[in-house]
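Presented below is the structure to which this report refers.
The values are calculated or read from the model by the stated rules, or taken from the named source; none is laboratory data. Everything quoted here is computed from the prediction, not taken from an experiment. We place every Cβ from the backbone using ideal geometry, glycine too, and count neighbours over all the protein chains shown.
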Amino acid sequence: MRILVIEDEHKIANAIKRGLTHESYAVDVVYDGTEGYDLACIEQYDVIVLDIMLPGMDGIEICKKLREQNIHTPILMLTSKSQLEDKITGFNAGADDYLTKPFAFAELLVRVRALIRRPQNSVGLVLTVADLTLDTANYEVKRAGQKIRLSNKEYSLLEYLMRHKNQAVTKEQIINHVWDYDADVLPNSVEVYIKHLRTKIDDPYPNKPLIYTIKGFGGYKISEEP
């Protein structure tokens, strides 16, 4: 899952990035409102963490303009303002949630996870494809009840596939959601990580593969059937 953080206080922004990266999210950080708005328009994100007081373009204006452009990425507002009127202004601009500074990272993480789940109400904390499960709260992956150890990037890739189970996704879509904007990633990098996942998830069950290559499409899907 890929997150955009638009926050002009470098210490806060970088702390959020470190924490979310540790939790296996791909995170892009910008410190200017105008640059953040431009990036939110051209890139695909699963959540935007947006400060209100920003140089260039404030968070309220960014939120309004994104919604006017029919960009409905969930937005978590960050601000030092705690007055009810300020919160109402943020929600009226199109924000999905509101967190007042100072805040505990654990609370931000819970709110981010909730926003990621919100677009698909049927998706709970545990994602399932056949006998493969991924617990998004405990970062635990099992197949047929057996735990599978994954690297952070393998986990992020598997989570993206499982959130789009039975759907074909291109390598470009995978790169956009699993890697940071500044990451130097080539399409064959996706192939390498898909191979790693297959080794751990499919190879022990040769008669029941779950990860499929979509020929002529340049992508993959996770499903019980090809």
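Computed values, structure above
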{"read-out": "Residues located in region 186-226, provided they are within 19 Å of Arg149 (Cα to Cα) and among the aliphatic types (A, V, I, L, M)", "value": "Val190, Val192, Ile194, Leu197, Ile201, Leu210, Ile211, Ile222"}
{"read-out": "Qualifying residues in region 159-188 (those that are closer than 24 Å to Leu115 by Cβ and touching a helix residue (DSSP H, G or I) at 6+ places or on another chain (Cβ under 6 Å)) - the one modelled with the highest pLDDT", "value": "Tyr160"}
{"read-out": "Residues that are under 21 Å from Thr100 (Cα atoms) and out of contact with any strand residue (DSSP E or B) (no Cβ under 7 Å at 6 or more places or on another chain), drawn from region 15-36", "value": "Ala15, Arg18, Gly19, Tyr31, Asp32"}
{"read-out": "Which listed residue is under 18 Å from the mean Cα position of the chain (by Cα) and under 22 Å from Tyr205 (Cα atoms), from Lys171, Lys147, Lys165", "value": "Lys165"}
{"read-out": "Yes/no for Lys147 being without any contact (Cβ under 8 Å) to a residue 12 or more places away in the chain, of a type in the set (D, E, K, R) and within 16 Å of Thr199 (Cβ to Cβ)", "value": "yes"}
{"read-out": "Residue satisfying all of: in region 88-107; of a type in the set (Gly, Ala, Ser) and assigned to a helix (DSSP H, G or I); modelled with the lowest pLDDT among these", "value": "Gly90"}
{"read-out": "Unmet criterion (only one of (1) over 17 Å from the mean Cα position of the chain (by Cα); (2) in the same structural domain as Leu20 (by TED's automatic domain parsing)) for Ala106", "value": "(1)"}
{"read-out": "Members of region 179-199 found to be closer than 22 Å to Ala130 by Cβ and surrounded by 17 or more Cβ atoms within 10 Å (Cβ to Cβ), listed by number", "value": "Tyr193, Ile194, Leu197"}
{"read-out": "Residue check, Val185 under 18 Å from the mean Cα position of the chain (by Cα) and without any contact (Cβ under 8 Å) to a residue 12 or more places away in the chain", "value": "yes"}
